[in-house]
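Here is the structure we will look at, set down as structure tokens.
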Amino acid sequence: MKALTWHGKRDVRVESVPDPVLKEAGDAIIRVTSSGICGSDLHLYEVMGPFMTEGDILGHEPMGIVEEVGTGVTHIKPGDRVVIPFNISCGHCYMCDRQMFAQCETTQVREHGTGASLFGYTKLYGAVPGAQAEYLRVPQAQFGPIKVPEGPPDDRFVYLSD
């Protein structure tokens with residue numbers, strides 16, 4: 001697939017990378033139909049460089065069509081249209097029970113003392129491949145994806161991701 005990859009300060013490229021695959025029962029794979037560009041992406045372009053690895057896939061404001069789901073994902077199915085939140089949260093830990101999803105205890109990166117893992121946003125936040133790509137592996141998909149109706153254009157929903 002094609003994806004936007006980081007290669008150094010002010011050096012991002014569209015390259016061919018391996019397609020994502022399901023790794024856990026709670027994963028889903030989506031075909032990305034839209035992915036926003038956020039002001040926080042500018043931090044990766046320059047300031048956050050020391051926490052990036054060459055080839056990291058950028059992007060964290062996606063939506064798309066579900067292609068595949070793991071056995072632990074029941075609220076979405078292939079063909080569903082979904083928005084994917086920026087933070088990766090389990091939905092059932094102490095912090096998620098209190099709706100503090102950005103502090104999810106299941107996905108937080110304790111090694112760096114940060115909150116929940118984030119798509120496409122440095123090793124400080126889990127180094128999870130991002131959504132400026134044709135396809136995206138969505139960990140914790142038993143909770144994260146938000147199903148949206150067919151019909152209206154993506155720009156009506158994509159902002160729910162951030």
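Brief remarks on what is shown
- Counting residues in segment 152-161 that are basic (Lys, Arg), touching a strand residue (DSSP E or B) at 6+ places or on another chain (Cβ under 9 Å) and open to solvent by 20 Å² or more (accessible area, probe 1.4 Å) gives zero.
- The set of residues from segment 62-79 being farther than 18 Å from Ala25 by Cα and open to solvent by less than 20 Å² (accessible area, probe 1.4 Å) comprises Pro62, Met63, Gly64.
- Scope segment 2-18; condition open to solvent by 90 Å² or more (accessible area, probe 1.4 Å), outside any strand (DSSP E or B) and closer than 18 Å to Glu134 by Cα; matching residues: Pro18
- Contact map, segment 19-32: first residue acidic (Asp, Glu), second residue in a strand (DSSP E or B) and open to solvent by 30 Å² or more (accessible area, probe 1.4 Å), Cβ cut-off under 9 Å, separation 6 or more or different chains; pairs are Asp19/Tyr135; Asp27/Glu68; Asp27/Val69; Asp27/Arg137.
- Scanning segment 110-133 for residues that are in contact with a helix residue (DSSP H, G or I) (Cβ under 6 Å, 6 or more places away or on another chain) and not in a strand (DSSP E or B) turns up His112, Thr114, Gly115, Ala116, Thr122, Lys123, Leu124.
- Any chance Val32 is open to solvent by less than 30 Å² (accessible area, probe 1.4 Å), under 13 Å from the mean Cα position of the chain (by Cα) and not acidic (Asp, Glu): yes
- Taking the numbered list (1) over 22 Å from Thr122 (Cβ atoms); (2) touching a helix residue (DSSP H, G or I) at 6+ places or on another chain (Cβ under 6 Å) in turn, Gly72 passes all entries but (2).
- Filter result (in contact (Cβ under 8 Å) with a residue 60 or more places away in the chain and open to solvent by 10 Å² or more (accessible area, probe 1.4 Å)) within segment 81-125: Arg81, Pro85, Phe86, Tyr121, Lys123, Leu124
- Of all the criteria given as (1) surrounded by 22 or more Cβ atoms within 10 Å (Cβ to Cβ); (2) at pLDDT below 95; (3) not in a loop (DSSP other than H, G, I, E, B), the one not satisfied by Leu136 is (2).
- Leading residue by the ranking (farthest from Gly70 (Cα to Cα)) among those in segment 35-54 that are touching an Asp or Glu at 6+ places or on another chain (Cβ under 8 Å) and open to solvent by 30 Å² or more (accessible area, probe 1.4 Å): Ile37
The values are calculated or read from the model by the stated rules, or taken from the named source; none is laboratory data. Only a predicted model underlies this, so the values are computations on that prediction, with no experimental measurement involved. Methodologically, a virtual Cβ is constructed for each residue, glycine included, from the backbone with ideal geometry; neighbour enumeration extends over all protein chains shown. To get the accessible areas, we keep the full protein, side chains included, count just its heavy atoms, and leave off ligands, DNA and RNA. Shrake-Rupley method; radii C 1.70, N 1.55, O 1.52, S 1.80 Å.
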